[in-house]
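Notes for the one structure printed next.
Throughout, read-outs are computed from the coordinates displayed, never taken from laboratory work. Quick caveat: nothing in here was measured; it's all calculated off a predicted structure. Don't worry about glycine lacking a Cβ; one is built from the backbone with ideal geometry, like all the others, and counts go over all protein chains shown.
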Amino acid sequence: MRIVVTNCNTTQEMTEEIVRGARAAAGPGTTVTGLTPSWGPESAEGWLDSYLSAAAVLDALRTYETRYDAVVMAGFGEHGREGVRELVDVPVVDITEAAAHLACLLGRRYGVVTTLERSCGQIQDSLELAGVGRNCVGVVGTGLGVLELEDAERTEAAFLTAAERVRGAGAEVLVLGCAGMTGLQRAVGEKLGLPVVDGVGAAVRLAESLVALGLTTSRAGAYARPLPKRRAWGRPCD
């Protein structure tokens, strides 16, 4: 089984970190490959970055020539998943909804801890669109930018502080709200005394299950194939 994991930004080091987490979660016989867009933002933090990254990921998959059995979209709360489901003929699993669905199996209410506060509303909208927003007690930011997550000690401390806020709001399960947080669940889960779901690992396992069951995106209705027409894919700009 071959799974391609798409980073939502152009930072290759982050792609590599995400792929390490994905491979750690994958079952025997599953090959995980990372895909970094050739254009777009270096980190996705806000609406503008999100829409740019969505187009860049679609463009990257459109021109990707290696065969694969499923796509994992590793942008938490980022746009694009609906377009990718129209574009490709294999299962597409977004880490946002994957993490939320698994969290709903572990407790009645869950909370998300993410990066900057500016991303919270976008994540809430993504959860609502995926049909899992009603179980979320809140989305809380750590105050750290995506590219600041490389500092493991600082990230853990900020995550624990934010996690206490969302647990106080009634969360029984916590979700890592950024692909760059992959692996953090092992460090903070025991300290918090709550299950902590990593979206990358959740999405990889769900993708494997869909492929093994022979299931893929329905073409009846919302995710029908794109209409045939001329489409001009713009040239990247600085």
Check your understanding: When only alpha-carbon atoms count, how far does region 96-199 stretch along each of its three principal axes, as whole angstroms with the largest first?
Key -> 33, 27, 22
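Pairs of Cα atoms under 8 Å, at least six residues apart: use those to get the relative contact order of the chain, whole percent. Walk me through the numbers on the way to the answer.
Details: 486 pairs, mean separation 54.2, N = 238.
For the chain, the relative contact order is 23 percent.
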Review point. What percentages, rounded to whole numbers, describe P(r) for region 93-141 computed over all alpha carbon pairs with 5 Å bin width beginning at zero?
Key: 5, 23, 34, 26, 10, 1
Point to revise | Listed residue (Pro41, Ser209, Val175) projecting farthest to the positive dipole end of the chain, Cβ model | key: Ser209
Exercise for review: Can you tell me the order of 187-197, 99-109, 67-77 when each peptide is scored by its average per-residue count of other Cβ atoms within 10 angstrom, highest first?
Suggested key: 67-77, 99-109, 187-197
Review point. Gap in Å between the Cα centre of region 127-172 and the Cα centre of region 69-98?
Key: 21
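Would you work out the relative contact order for region 79-169, in percent, from Cα pairs under 8 angstrom that are 6 or more residues apart?
On the way: 99 pairs, mean separation 24.7, N = 91.
Averaging sequence separation for qualifying contacts and normalising by length gives 27 percent for region 79-169.
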